1. Hey, which lysines would be in cross-link range of Lys33, C-alpha to C-alpha under 27 Å, not counting anything within fewer than 8 residues on its own chain?
2. Would you tally the net charge around Leu121, using a Cβ to Cβ cut-off of less than 12 Å, leaving Leu121 out, and scoring K and R as +1, D and E as -1?
3. At 222 nm, what helix-only mean residue ellipticity would the chain give, in deg cm²/dmol to the nearest 500, using -39500 (n - 2.57) for each DSSP H run of four or more?
4. Out of segment 61-151, which trypsin sites (Lys or Arg not before Pro) are coil in DSSP terms and have no more than 11 other C-beta atoms within 10 Å?
5. Applying the Karplus parametrisation 6.51 cos²θ - 1.76 cosθ + 1.60 with θ = phi - 60° to the phi angles of segment 69-78, what ³J(HN,Hα) value in whole Hz is obtained for each residue in order, glycine and proline being reported as x?
6. With the crude spin-label approximation of a point 7 Å out along Cα→Cβ, what separation in nm comes out for Lys33 versus Arg219?
7. Taking the Cα centroid of segment 86-100 and of segment 4-45, what is the distance between the two, rounded to the nearest whole Å?
8. Given the Cα-Cα distance of Arg138 and Thr75 and 0.36 nm per residue of separation, how much length would full extension add, in nm?
Amino acid sequence: MRVPIVAANWKMHKTVSEAEAYLKRLVELVGEKPPVELVVFPSFTAIPMAGRLLSGTPIAWGAQNAHPEHQGAFTGEVSVAQVADLGARFLICGHSERRHLFGESDAFVGAKVRAALGHGLVPILCVGETLDERRAGRAWAVVERQLAAALAGVALADGRNLVIAYEPVWAIGTGVPARPEDAQAMAGRIRAWLQQAFGKVAEGIRIQYGGSVKPGNAREFLALPDIDGALVGGASLDPDEFWAIARAA
Ligand code: PEP
C-alpha cells in the first residue's frame, strides 16, 4: 500500500523566523502519527533551523533545488551532497519554474535525480506540459519525454525512493487546477510507464498531483486511484491550510 505524501513547496518565501513560527504551528497541528507522509521544502536559509526543529517529529524536509555536481566552481550553487549533509530526505527535481525560468534541460534534471538517489535522497521528479502543449495534443509526449530523460539509467531497489509529481504548468500558481479526470488520466499513463520501466518496484512509487491544490479541492485529487498525494505551492504557505490539505488525503 502506498502511503500518501503531501509536500509544501514554499518557493522563495519566509525568513528564518517566519519559517520557525510556521513549523512550530505545523508540529502542533500534526501530532505524533499523521496518516500521511508530510514534507516541507523551505528556502536554503531556513533548512538548518528546519532540520533541528523537525528532528524527532513525523514531518520530513528537503530542498527545493540543488546542483548535481559534488563540488566545484559553481558560484552561488548548493550541491546535492551539501543538502544531504544537512540531513535532508527529499529533493525537488525538474520543477517547472526551474525548467522554464532557469532553463534547466531534461538532461540536467536527470543528473539531479541521479545525484539525489546517489546521496540517499528521494527525488520528487516534477513533470508536466504547458497549455500550448496540451492544446496541441502533446501533453503525454512531453511528460513521457521528461520521464525518459530524467530516469534513464536509474535502478530502483524500492519504489519509495522515488516520487513523481504531475504538475501541468498552466495549473501552477494560477488558481486553475486540472480537471480531476485529466489528472487521473495522466497519472494512469505515468503509472503504466513506470511499470514498464521498473517492473514490480513501480507499485511503490508515489505520484502526486500539483497545481492550484487548495483545502477546498484537495479531496477530489487525493481520492483518485493513481494519485498518492499533492505537491502544494501557494496554499502551503499557511500551516493551517497545508494541514487541511494533508488531512484530505
Ligand atoms: C508548485 O509550485 O509546485 C505548485 C503546485 O504551486 P501552486 O500550488 O501554487 O499551484
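Rule-based calculations on the coordinates, nothing more; no lab input. On a predicted model such as this, the values are computed, not experimentally measured, just so you know. When we count neighbours, we look across all protein chains shown, and the Cβ atoms used for this are built from the backbone with ideal geometry, even at glycine.
1. Lys33 reaches Lys11, Lys14, Lys24, Lys214.
2. +2
3. Computed ellipticity for the chain at 222 nm equals -12000 deg cm²/dmol.
4. Loop-located and lightly packed - none at all.
5. With the stated coefficients, segment 69-78 comes to 5, 5, 6, x, 7, 10, 3, x, 8, 10 Hz.
6. Spacing of the two 7 Å Cα→Cβ label points: 2.4 nm.
7. 16
8. Using 0.36 nm per residue and subtracting the Cα-Cα distance, I get 19.0 nm.
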